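These notes are about the structure you will find just below.
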Amino acid sequence: MKAVPIPARAAAARVLVVEDEAALSMLLSYNLEAEGFAVERVERGDEAEIRLSETIPDLVILDWMLPGVSGLEICRRMRARETTRNLPVIMLTARGEESERVRGLAIGADDYVVKPFSVPELMARVHALLRRARPDRASGVLSAGDLDLDRQNWRVRRAGREVHMGPTEFRLLDHLMGKPGRVFSRAQLLDSVWGISAEIDERTVDVHIGRLRKVLSMGAEKDPIRTVRGAGYAFDETFDRIG
Ligand code: CA
């Protein structure tokens, strides 16, 4: 098992850029990274589909005209799938596709930008869309039952009592609490919480979940983390109302 590097702060929001014009794709990636986003780039529509079946980013910037599968079709398929139904999408369209744009919004894109666009304008839309999609991030505190997680100050409280935990456990809890009820596979957690797709043993996730459970239930409180056999882990927002 490899040593796991511990990033200094919470995992950055992840943006998937799907664009076949290399220069534009690089420009977007450069600017997004400069603003603290973790960026992944693919050039083809079919590659985008594969990436989205593996990991779910926080936002997708999706070009309309792509080799493989069109941006429109990708968006339509994303909206039909449970895991990507609410994933924020900004479509990039060329000039003169006015009626096409309307179709894009009808099919579920959250926003669109017409090429050529100014980078600051696109960045502003990215930030606005993320704020809208995740109001919990803006407030900085996640609460469920007797549990509070303060993202700004990196503190967790249970029944008013401070819970001490390591940075990895904090990020794990943050990630699970951020999407209550959703089941994350070990691979997804490694990707989102550790932020690297290196060959870390998936049992690493079990070890940290174990530590998290231990600190969260020091006073024998109920376990808010659900193990889903054969699938992974989820945060159970009803943990304090059952059993
Ligand atoms: Ca294109």
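For this structure, a couple of remarks:
- Residue check, residue 151 farther than 24 Å from residue 15 by Cβ, basic (Lys, Arg) and more than 14 Å from the chain's Cα centre (by Cα): no
- Scan of region 28-60 for residues that are within 14 Å of the ligand (Cβ to nearest atom) and hydrophobic (A, V, I, L, M, F, W, C), ordered by number: 28, 42, 48
- Matching residues in region 43-71 - criterion: being over 18 Å from residue 93 (Cβ atoms) and not in a loop (DSSP other than H, G, I, E, B): 46, 47, 49, 50, 51, 52, 53, 54
- Scanning region 184-216 for residues that are within 16 Å of residue 229 (Cα to Cα), of a type in the set (Gly, Ala, Ser) and in a helix (DSSP H, G or I), we see that the one that is modelled with the lowest pLDDT is 187.
- Near pairs, Cβ below 9 angstrom, 6+ apart or cross-chain, from region 33-44 (more than 18 Å from residue 23 (Cβ to Cβ)) to any residue that is assigned to a strand (DSSP E or B): 37/14; 37/15; 37/59; 38/14; 38/15
- Unmet criterion (only one of (1) of a type in the set (D, E, K, R); (2) surrounded by fewer than 16 Cβ atoms within 10 Å (Cβ to Cβ); (3) closer than 18 Å to residue 58 by Cβ) for residue 125: (2)
The values are calculated or read from the model by the stated rules, or taken from the named source; none is laboratory data. For clarity, every value in this text was computed on a predicted model and none was experimentally measured. Every residue, glycine among them, receives a Cβ derived from its backbone with ideal geometry; neighbour counts consider all protein chains shown.
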